[in-house]
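Notes for the one structure printed next.
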Amino acid sequence: MHSGGCLCGAVRWTYEGEVGAAAYCHCADCRRCTGSAFNVSVRVAAGGFRIVSGEPKRFTSTAESGRPVTRCFCQECGSPLYTLPPLHPELVFVKAGSFDDPAAVRPAHQAWTRSAVRWAKIPGDLPSFEKGRS
Ligand SMILES: [Zn+2]
Ligand SMILES: [Zn+2]
């Protein structure tokens, strides 16, 4: 049994079943909706995925692929939580960062690299701090 939720805790989800492959997505929509360089989403089976508290807000738009995507996020704190592909109701793509146990996430590939920004890759020699830079 896997679980997860948003930053404020209003929305909580559970998932029972096999955790599918995770994928990095560099498309412009994912960059916008995450507010970051790319999105990491985890494919799960809709039948095992349940919202156990809260009611995410939904936003549907046409993705760069030409297919509709419904993005679900917490209406209190705004955390992106998962997307529903209307053409594939048997699937849910859960945002990797919403998992309580991030170790359950296993990236298998990256998509839309033609839209990737330069800063999507963290240079190995960038000054690094174990905690926040003080
Ligand atoms: Zn929230
Ligand atoms: Zn994307």
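Observations, loosely collected:
- Filter result for the condition that a residue is assigned to a loop (DSSP other than H, G, I, E, B) and within 16 Å of ligand 1 (Cβ to nearest atom), over 8, 33: 8
- Selection status of residue 50, within 14 Å of ligand 2 (Cβ to nearest atom), under 19 Å from residue 90 (Cα atoms) and over 14 Å from the mean Cα position of the chain (by Cα): no
- Condition met for residue 35 (surrounded by 12 or more Cβ atoms within 10 Å (Cβ to Cβ) and on the phi > 0 side of the Ramachandran plot): no
- Every condition in (1) closer than 21 Å to residue 1 by Cα; (2) assigned to a strand (DSSP E or B); (3) among the aliphatic types (A, V, I, L, M); (4) under 17 Å from the mean Cα position of the chain (by Cα) holds for residue 103 except the one numbered (2).
- Residue match in segment 3-15 (condition: under 15 Å from residue 105 (Cβ atoms), open to solvent by 30 Å² or more (accessible area, probe 1.4 Å) and in contact with a helix residue (DSSP H, G or I) (Cβ under 9 Å, 6 or more places away or on another chain)): no
- Close contacts from segment 29-41, counting a first residue that is in contact (Cβ under 8 Å) with a residue 12 or more places away in the chain and a second that is within 16 Å of ligand 1 (Cβ to nearest atom) and assigned to a helix (DSSP H, G or I), with Cβ to Cβ under 8 Å and a gap of 6+ residues or different chains, come to 39/33; 40/97.
- Of the residues 121, 95, the single one that is on the phi < 0 side of the Ramachandran plot, among the basic types (Lys, Arg) and open to solvent by less than 30 Å² (accessible area, probe 1.4 Å) is 95.
The values are calculated or read from the model by the stated rules, or taken from the named source; none is laboratory data. Everything numeric in this text was worked out from a predicted model, so none of it was measured. Note that we place each Cβ from the backbone using ideal geometry, even for glycine, and neighbour counts take in every protein chain shown. Heads up: the accessible areas ignore ligands, DNA and RNA and are worked out on the full protein's heavy atoms, side chains in. Shrake-Rupley method; radii C 1.70, N 1.55, O 1.52, S 1.80 Å.
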